[in-house]
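Novice: I have a structure I would like to understand better, so I am pasting it below and will then ask my questions one at a time.
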Amino acid sequence: MAVTEAARTEVLCVQATAAADASGGTVAAGRAAQELGLKRGEFELAVHLGFVRTTAEPAGGRPRVGCGEIDRLRSEDGFPNAVRERVRTVGTAEGARLLGISPVRFTRLARAGCITPVTFYLNRYRAIVWLYLAREVLDFAARAPQLLAGNSPVWMRARLDAGTDWRARNWRAQRIERLLSRTEDPWRRAAVLAGALDPVQLAEVVDDPYERAHLAKVKPEPVFGPPGSVAAREVMAQLMQADDPDEILWRRITLIMELDGARASRQAPRPGDDHRPVLVPVPVSDPGTEPLLDPAPGLLARIGLRRRVTGHRAAGNGLLTKTVE
């Protein structure tokens with residue numbers, strides 16, 4: 001006798017509930033993806049974007065998803081298509097079709113920073129292929145229809161004529177913000193920002209080798225860890241590093257500010273420490289006054305403005321791998 005779709009779904013729900021009961025009300029990521037009708041890549045992107053909340057395992061195991069979270073998403077209007085649509089990605093050709101423009105114009109818009117990629121993959125030639133959220137592409141069209149036809153504005157032509165490509169930079173900025181949003185620990189937040197600087201830049205900002213070692217140790221990883229292949233991990237590490245002078249300067253400043261807070265909360269461990277955090281008293285300001293946002297004395301010297309930032313530019317994408325237009 002044929003099993004109806006409703007009966008099949010009910011069986012899957014019962015199986016998921018049984019698995020959840022056996023593991024404290026949560027299910028493994030693979031089971032959660034199946035329950036939500038998502039492919040594994042779609043599910044990981046949904047978690048990365050915050051659409052699906054995961055439960056961290058105390059022992060450092062793989063993330064799990066609570067039954068309540070699955071029920072919440074399954075009860076939304078339009079399930080399961082609504083969930084899949086939120087994480088649907090498009091490449092250059094499909095994105096251009098969505099907007100009714102040529103792939104060349106779509107690439108120009110993306111290079112100029114008008115559309116931000118959400119992820120990428122490497123093709124068989126190890127070239128980067130950027131992917132964009134379909135809903136963000138459509139949102140851009142509704143927000144700036146004047147950029148879809150006619151001559152490009154002066155600022156856009158100037159940016160492109162200078163050889164600018166904002167795709168990696170914008171992708172990097174969004175990724176950093178998402179990693180920062182997942183932690184309140186000051187040292188882990190500083191570690192996220194430290195990852196945007198190459199070793200030379202980082203050593204100039206953080207001259208204490210024990211602090212640099214601690215930042216490397218506590219650096220947060222994506223929920224499902226780094227990409228699986230060695231090539232993808234290498235490209236990911238390279239893309240995470242700022243490669244433009246003004247971006248490098250901004251990352252240095254924000255790292256210094258975050259480090260000040262981290263050092264005030266506790267010191268980085270050193271050889272011989274018993275691994276207990278050393279708390280440093282933080283002066284409490286008058287609750288009736290607003291703290292000033294002026295930079296701390298010596299901040300400009302600490303970020304190395306006396307040195308030319310352009311002399312320490314990280315290797316650009318062109319030296320690492322090529323990008324598919």
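Novice: Looking at the range 225-245, can you tell me whether even one residue there is modelled with pLDDT of 95 or more, surrounded by fewer than 18 Cβ atoms within 10 Å (Cβ to Cβ) and either of a type in the set (S, T, N, Q) or over 24 Å from residue 45 (Cα atoms) (or both)?
Specialist: The answer is no, given that none of the residues of the range 225-245 is modelled with pLDDT of 95 or more, surrounded by fewer than 18 Cβ atoms within 10 Å (Cβ to Cβ) and either of a type in the set (S, T, N, Q) or over 24 Å from residue 45 (Cα atoms) (or both).
Novice: Those residues that are surrounded by fewer than 18 Cβ atoms within 10 Å (Cβ to Cβ) and in contact with a Leu (Cβ under 8 Å, 6 or more places away or on another chain), I need them from the range 152-169; list them, please.
Specialist: 152, 153
Novice: Kindly indicate which of 186, 220 is open to solvent by less than 60 Å² (accessible area, probe 1.4 Å) and closer than 28 Å to residue 129 by Cβ.
Specialist: 220
Novice: Moving on to the next point. How about the range 246-264: which of its residues are open to solvent by 30 Å² or more (accessible area, probe 1.4 Å) and charged (D, E, K, R)?
Specialist: Across the range 246-264, the qualifying residues are 246, 258, 260, 263.
Novice: Considering only residues of the range 46-61 that are at pLDDT 90 or above and among the β-branched types (Val, Ile, Thr), which is surrounded by the fewest Cβ atoms within 10 Å (Cβ to Cβ)?
Specialist: Among them, the one singled out is 47.
Novice: Identify all residues within the range 189-207 that are part of a helix (DSSP H, G or I) and buried (at least 18 other Cβ atoms within 10 Å of the Cβ); write none if there are none.
Specialist: If the condition is that a residue be part of a helix (DSSP H, G or I) and buried (at least 18 other Cβ atoms within 10 Å of the Cβ), then 189, 190, 191, 192, 193, 194, 201, 202, 205 are the ones that fit.
Novice: Could you list, in sequence order, the residues of the range 28-45 that are surrounded by fewer than 17 Cβ atoms within 10 Å (Cβ to Cβ) and not small (Gly, Ala, Ser)?
Specialist: 39, 40
Novice: Checking the structure you have, find out if any residue of the range 127-135 is open to solvent by less than 60 Å² (accessible area, probe 1.4 Å) and out of contact with any strand residue (DSSP E or B) (no Cβ under 8 Å at 6 or more places or on another chain).
Specialist: No, because not a single residue in the range 127-135 is open to solvent by less than 60 Å² (accessible area, probe 1.4 Å) and out of contact with any strand residue (DSSP E or B) (no Cβ under 8 Å at 6 or more places or on another chain).
Novice: For the range 69-104, enumerate the residues that are in contact with a helix residue (DSSP H, G or I) (Cβ under 7 Å, 6 or more places away or on another chain), modelled with pLDDT of 95 or more and of a type in the set (D, E, K, R).
Specialist: Selection gives 88 alone.
Novice: Restricting attention to the range 70-85, report how many residues are surrounded by fewer than 20 Cβ atoms within 10 Å (Cβ to Cβ) and assigned to a helix (DSSP H, G or I).
Specialist: Number of matching residues: 7.
Novice: Scan the range 135-148 and give yes if some residue there is assigned to a loop (DSSP other than H, G, I, E, B) and touching a helix residue (DSSP H, G or I) at 6+ places or on another chain (Cβ under 8 Å), otherwise no.
Specialist: Yes, because at least one residue in the range 135-148 is assigned to a loop (DSSP other than H, G, I, E, B) and touching a helix residue (DSSP H, G or I) at 6+ places or on another chain (Cβ under 8 Å).
Novice: While we're looking at this one, here's another question. Are any of the residues in the range 63-79 under 28 Å from residue 240 (Cβ atoms) and of a type outside the set (Val, Ile, Thr)?
Specialist: Looking for residues that are under 28 Å from residue 240 (Cβ atoms) and of a type outside the set (Val, Ile, Thr), one finds at least one in the range 63-79, hence yes.
The values are calculated or read from the model by the stated rules, or taken from the named source; none is laboratory data. Everything numeric in this text was worked out from a predicted model, so none of it was measured. For neighbour counting, all protein chains shown are included, and Cβ atoms are generated from backbone atoms with ideal geometry for every residue, glycine included. The accessibility values were calculated without ligands, DNA or RNA, using every heavy atom of the protein model including side chains. Shrake-Rupley method; radii C 1.70, N 1.55, O 1.52, S 1.80 Å.
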